[in-house]
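Derivation of every value follows stated rules applied to the coordinates shown; laboratory data play no part. A quick note: this is a predicted structure, and the numbers were derived from the prediction, not measured. Glycine also receives a Cβ, built like all others from the backbone with ideal geometry; neighbour counts cover every protein chain displayed.
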Amino acid sequence: MNPPINNVKPRKINILGVNFDDVTFEQAVSRAAELTERGGCCVTPNPEIVWLARNDREFLDTINAADLVVADGVGVMYAARLRNTPLAAKIPGIDLAAAVLEIAAKSADGRGVFLFGAKPGTAERAAAKLQAKFPGLRIAGVQDGYDYDTPELQARIRGVNPAAVFVCLGSPKQELWIRDYIARYPEQTSLLIGLGGAIDAFAGVVRRAPEAWRRRNLEWLYRLLKQPARIKRMSALPKFLLAAMFAGQSNGNES
Ligand code: UDP
């Protein structure tokens, strides 16, 4: 079981085995900020990820061992409501990442952020855009998500000791990568956060849904229209909602 942060242990809401932290956006940011100092892992499961984890014990255990588990996407919110255990807030990983970038940019220690993942050249493009958007932000390093040697990369990241590492390899790869990094360096003090396509979004390679779509909880539809190939992956959503509705109640605090 993870130690509480600031002596406050948030309530857990269990959805198909995944124990989500029942936190507001502000609480999630404050916990993430603490993790940039004491080190730890944050995961941002959406329905696709929960659906993937239900048949993969190793992946599920990895998610549930994280220090912060936030509900990325309206699908998880609907599922929680259908189960009569509503979550306090939807916390898109990319918004949490933006908050972490702001914290890192303002921090006097200048440890900065390491961007890991996406196709070659994309993290560099994201770095340039982020530095323009968050004045004072230090990019502690970049690494594409295809051509790397894990032990060497782990040592490189440990060497620069960034405030945060954005690990953007898709799931379950990114979560397992983070787990292995923390297992190798249990005393490390970075926040490692799994963020899927966030580097693509920060680089402008993939456009995020406009605000009006996001407000209406239609980010998933915008993504589907822009990337129709996602239809197969997204077919998990109705199955996920039905399964969540009919699954037995269990409380994540009991385990
Ligand atoms: N990716 C990677 N290495 C891999 C597989 C994927 O760096 O071996 C990257 C991919 O280029 C993309 C991201 O991982 O930038 C996954 O994006 P996706 O949109 O699938 O993630 P989501 O946001 O849906 O979780």
Item to check | Highest-MSF residue in the chain out of Thr150, Thr122, Thr24 [GNM, Cα springs under 10 Å] | outcome: Thr150
Checklist entry - Short version: ³J(HN,Hα) in whole Hz for each residue of the range 53-58, in order, from phi by Karplus 6.51 cos²θ - 1.76 cosθ + 1.60 (θ = phi - 60°), x for Gly and Pro, what are they? => result 6, 5, 10, 9, 4, 4
Next on the checklist: Under the rule of at least 5 residues apart or a separate chain, name every residue whose amide H is placed under 5 Å from the amide H of Cys41.
Outcome noted: Asp67, Leu68, Leu192
Next on the checklist: Among Val18, Val206, Val74, which one shows the highest mean-square fluctuation when the chain is modelled as a Gaussian network with alpha-carbon springs under 10 Å?
Outcome noted: Val206
Checklist entry - Which of the peptides 126-138, 163-175, 26-38 is most tightly packed, and how do the rest follow, judged by the mean count of other Cβ atoms within 10 Å per residue? => result 163-175, 26-38, 126-138
Checklist entry - So between Arg233 and Lys173, what do we pick up on full extension, going 0.36 nm a residue minus the alpha carbon distance? => result 20.0 nm
Checklist outcome for this item: Karplus ³J(HN,Hα) for the range 191-207 (6.51 cos²θ - 1.76 cosθ + 1.60, θ = phi - 60°; Hz, whole; x = Gly/Pro) runs 7, 10, 10, x, 10, x, x, 5, 5, 4, 5, 5, 6, x, 6, 10, 7
Next on the checklist: So for the range 114-178, averaging the separation of alpha carbon pairs under 8 Å that are six or more residues apart and normalising by length, what relative contact order in percent results?
Outcome noted: 45
Checklist entry - What ranking do Asp144, Asp109, Asp67, Asp180 get, fewest neighbouring Cβ atoms within 10 angstrom at the top? => result Asp109, Asp180, Asp144, Asp67
Checklist entry - So how many Lys-Lys pairs in the chain land under 21 Å Cα to Cα, not counting same-chain pairs under 8 apart? => result 9
Checklist outcome for this item: In order over the range 77-90: 3J(HN,Hα) from phi, Karplus 6.51/-1.76/1.60, θ = phi - 60°, whole Hz, x for each Gly or Pro, gives 4, 4, 4, 4, 5, 4, 8, 6, 10, x, 8, 5, 7, 7
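Looking at the calculated P(r) for the range 99-185, what percent of the C-alpha pair distances fall above 23 Å?
19
Stretch Asp109-Met245 to full length: gain in nm at 0.36 nm per residue minus the Cα-Cα span? Please list the in-between numbers first.
Details: separation 136, 0.36 × 136 = 48.96 nm, distance 4.64 nm.
So the extension gain works out to 44.3 nm.
Stokes-Einstein D for the range 127-255 at 37 °C, 0.692 mPa s, Kirkwood Rh over Cα pairs, in µm²/s?
186
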